[in-house]
1. Considering only residues that are out of contact with any helix residue (DSSP H, G or I) (no Cβ under 7 Å at 6 or more places or on another chain) and either closer than 21 Å to residue 28 by Cα or touching a residue at least 12 places away in the same chain (Cβ under 8 Å) (or both), look in the stretch 281-295 and name the one that is surrounded by the fewest Cβ atoms within 10 Å (Cβ to Cβ).
2. If we only count helices (runs of 4 or more DSSP H) wholly inside the stretch 233-289, which ones have 1 or more residues that are of a type in the set (D, E, K, R)?
3. Looking at the structure I just gave you, is residue 187 within 28 Å of residue 24 (Cα to Cα) and of a type in the set (Asp, Glu)?
4. State which residue is nearest to the chain's Cα centre (by Cα) when the search covers only the stretch 8-49 and only residues that are buried (at least 19 other Cβ atoms within 10 Å of the Cβ) and on the phi > 0 side of the Ramachandran plot.
5. State all residues of the stretch 311-340 that are over 27 Å from residue 256 (Cα atoms) and aliphatic (A, V, I, L, M); if no residue qualifies, say none.
6. I need the full set of residues from the stretch 40-63 which are assigned to a loop (DSSP other than H, G, I, E, B) and hydroxyl-bearing (Ser, Thr, Tyr), in order please.
7. Considering every residue within the stretch 241-255, establish whether at least one is farther than 17 Å from residue 22 by Cα, buried (at least 21 other Cβ atoms within 10 Å of the Cβ), assigned by TED's automatic domain parsing to the domain that holds residue 194 and among the aromatic types (Phe, Trp, Tyr).
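The values are calculated or read from the model by the stated rules, or taken from the named source; none is laboratory data. Just so it is clear, the structure is predicted and the values come from calculations on it, not from any experiment. So basically every Cβ, Gly included, is an ideal-geometry build from the backbone, and we count neighbours across all protein chains shown.
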Amino acid sequence: MLYTDTTPGRTVMMEGRNCLFFSGFSYLGLHQHPAFKALLMTGTEMYGTLFPSSRAGNLRLSLYEEIEHALCTLLQQQAAIVFSSGYLASQAAIHYAVNCGQLLYAPDTHPSLWHHLPALPLQDRETWISQTIEKINDHPDNSFVIVSDTVNPLTSTIHHFNWLRELRRKVLVVLDDSHGIGILGPDGQGSIHFLPVTDNARYLLTASLAKAYSLEGGVVAGHAADIMALKRMPFFSASTSLMPANAYAWLQSGELMQKMRRLLQQNIAYLLHLTADTKVYNPHGLPVFLLPQYDNTPSLVNYLSDRDVIISSFAYPQPHSMPVNRAIVSALHLQEDMTTLHQFLQEFGV
């Protein structure tokens, strides 16, 4: 277990050492960008630290409608609703969806989309897809809801959904795009960029604003009727609103986000180039580079830590899950940082 008294950026102070930080998220690096922090300070001066009323109250803050309109436009949906966290957004979405039909969970669906404690499928994803298509098409009297992540950051995988075109019946498709929004697509619109348009799939997208945008908050976007129904639920009316300064900073940061997205893509491309002939795994060009597991002593994690390089390695999503070694790149990293990482990986034998 490692501890720090500072928030990491491209580096982190740990036990008096300044270490390169290839872990966490905040892919665009906005949490340590001076211009973004200045916007948050301006937003706090303008709006205070919170909006002291329910979103369902008789006094409304127009700022929330502004960010919801901007997010539904970005995500190419009819409407959107924001929450104070990505987890709350996902839980609101799944508690709404459970009343729309039988939940059909994809393997390894993120816990934020779990309704109570579902029994996730154990088969591989392709087998699950085939069984799901067959089940939906062969049961015309049932209503179904497909539940999945769009991106799995533990396997550095972007899931494909072209198989939704094979469905012959209408379904609600609830997708967590926390690791896609702000990253994928030409404008950072996320996975909606490659999701198929089909008359039988109605999307309900949910995402954390923290993974790319460095903001505590979440969004659910979809058809107007679904979003209106969500606004009648206690998850919305009884919860604390998104911090107004966060909404303000997001709305003011469009050009900065595009700039940082370009830097992130350049960094990903550079590390892909460096690791092209190694055992590092990253098939889809995500900011997440999977490193092989070894039984060596010292471990790869400790070997890198001894050389002032911190990677991600912990049990997730369950405490008993196997740790996954990952090097996570952000827009803050410099080429020399990635060269250093690559050098040490080579020395270890990756």
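1. Step by step, filter the stretch 281-295, then rank; the result is 283.
2. Once the helices (runs of 4 or more DSSP H) in the stretch 233-289 are filtered for at least 1 residues that are of a type in the set (D, E, K, R), what remains is 254-274.
3. For residue 187, the condition - within 28 Å of residue 24 (Cα to Cα) and of a type in the set (Asp, Glu) - is met.
4. The residue in question is 26.
5. 315, 322, 324
6. Pass one, the stretch 40-63, residues assigned to a loop (DSSP other than H, G, I, E, B): 48-61.
Hits for the stretch 40-63 are 49, 53, 54.
7. So far as the stretch 241-255 goes, no, none of its residues is farther than 17 Å from residue 22 by Cα, buried (at least 21 other Cβ atoms within 10 Å of the Cβ), assigned by TED's automatic domain parsing to the domain that holds residue 194 and among the aromatic types (Phe, Trp, Tyr).
Yes or no, residue by residue, for (1) over 17 Å from residue 219 (Cα atoms); (2) without any contact (Cβ under 8 Å) to a residue 60 or more places away in the chain; (3) surrounded by fewer than 22 Cβ atoms within 10 Å (Cβ to Cβ):
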position	(1), (2), (3)
79	no, no, yes
82	no, no, no
85	no, no, yes
123	yes, yes, yes
142	yes, yes, yes
148	no, yes, no
174	no, no, no
